[in-house]
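Notes follow once the structure below has been shown.
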Amino acid sequence: MTHSTNPVTTVRIDSLTLTDSPRLGGENPEHTRRLAAADDELPPILVHRSTRWVIDGAHRVRAAALRGQTGIAARFFDGPMDAAFVLAVRGNIAHGLPLSTADRRAAAARIVRSHPYWSDRAIAAATGLSDKTVRAIRRSTSEQPQSNAGERVGIDGRTRPLNSADGRRRAAQLLAERPGAGLREIASAAGISLATAHDVRARLLRDEDPVPARLRSPASAEPVVAEPVRLAVLDSLRQDPSLKFNEAGRAALRWLYQHTIEPDDGTKLINTIPPHCATVVADLARDCAQAWQALARQLEQRGKAAG
């Protein structure tokens, strides 16, 4: 049962703790007076059961006291204080008197320390900041614990590596082993995003390292040689019934085989072309590359339209 569905009960105001608010400046007396003067019934507050700390609703508590009430409607939260503080921040950016930017930055720094395995986007969502701001706060927070697992929990609750290099290498291996698999399947199996899986495949098809230089650790600065996947992809296409069992499909496959080269093929060609023809062949190669790029764009548009 989540706190939002916990039953509402009445708690004594003098039993509650109002310290340790995400608001650096504490109570806003004017906001408290406005709440007290309103005729509306105050919504239930949220209270940490074991400590009686008010997670969300400190101004409502003070407004109820100004009205002369001895009790106030509340829901209880059962969980660790670190989780309670995150709820306090979420509650105070979602409604009532908004937290200031300074409040949210201080809260983000505290959450970085208490939840070091959360991704920048997850902390940004909890504090109402940008993930770029959270990233800068994380870098400047010297007290943050270090992750032994090298992973962080994302905004979707899934655990991913701090550095996606390992996931990219797993994806490259899977693409070579299972050329017929969809990119969503590859992304899920490798623990990376769909966009990253797209990038890995594109890098492999360009005979590039699946891991960009900026993501490689100093210990592995030498680029990883990408395993050729073009022929594996063509072999997978050859088994597709929609291409295999009609003349037009077979003709398309023959054309693809004839116009697809592997790295070794290019090396042999370079060594074969005499120097005085090199510039002409280079221009021809660029023209062919541009034609392939145009073909790729048209095919992607067709695929998106069909999807």
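Annotations
- Its relative contact order, with pairs defined as Cα atoms under 8 Å and 6+ residues apart, puts region 101-140 at 44 percent.
- Stretching THR279 away from SER188 to a fully extended chain increases their span by 28.3 nm, per 0.36 nm per residue minus the current alpha-carbon distance.
- Length added when fully stretched, GLN298-THR260, from 0.36 nm per residue minus Cα-Cα: 11.9 nm
- Sorting 121-127, 39-45 by average packing, meaning the other beta carbons within 10 Å per residue, from highest down gives 121-127, 39-45.
- Listed peptides 167-173, 6-12 by packing density, highest first (mean Cβ within 10 Å): 167-173, 6-12
- Packing-based order for 85-93, 128-136, 18-26, using average beta carbon neighbours within 10 Å, highest first: 85-93, 128-136, 18-26
- Within the accessible area of region 1-75 (1.4 Å probe), percent carbon and sulfur: 50
- Distance in nm between pseudo-label sites at GLN290 and ARG52 (7 Å out along the Cβ direction from Cα): 7.8
- Global form of region 1-118, assessed from the alpha-carbon gyration tensor, a/c cut-off 1.5: oblate
The values are calculated or read from the model by the stated rules, or taken from the named source; none is laboratory data. Everything numeric in this text was worked out from a predicted model, so none of it was measured. Neighbour counts are summed over all protein chains in view; Cβ atoms, including those assigned to glycine, are modelled from backbone coordinates with ideal geometry. The protein model used for the area step is the full one, side chains on, heavy atoms only, and it has no ligands, DNA or RNA in it. Shrake-Rupley method; radii C 1.70, N 1.55, O 1.52, S 1.80 Å.
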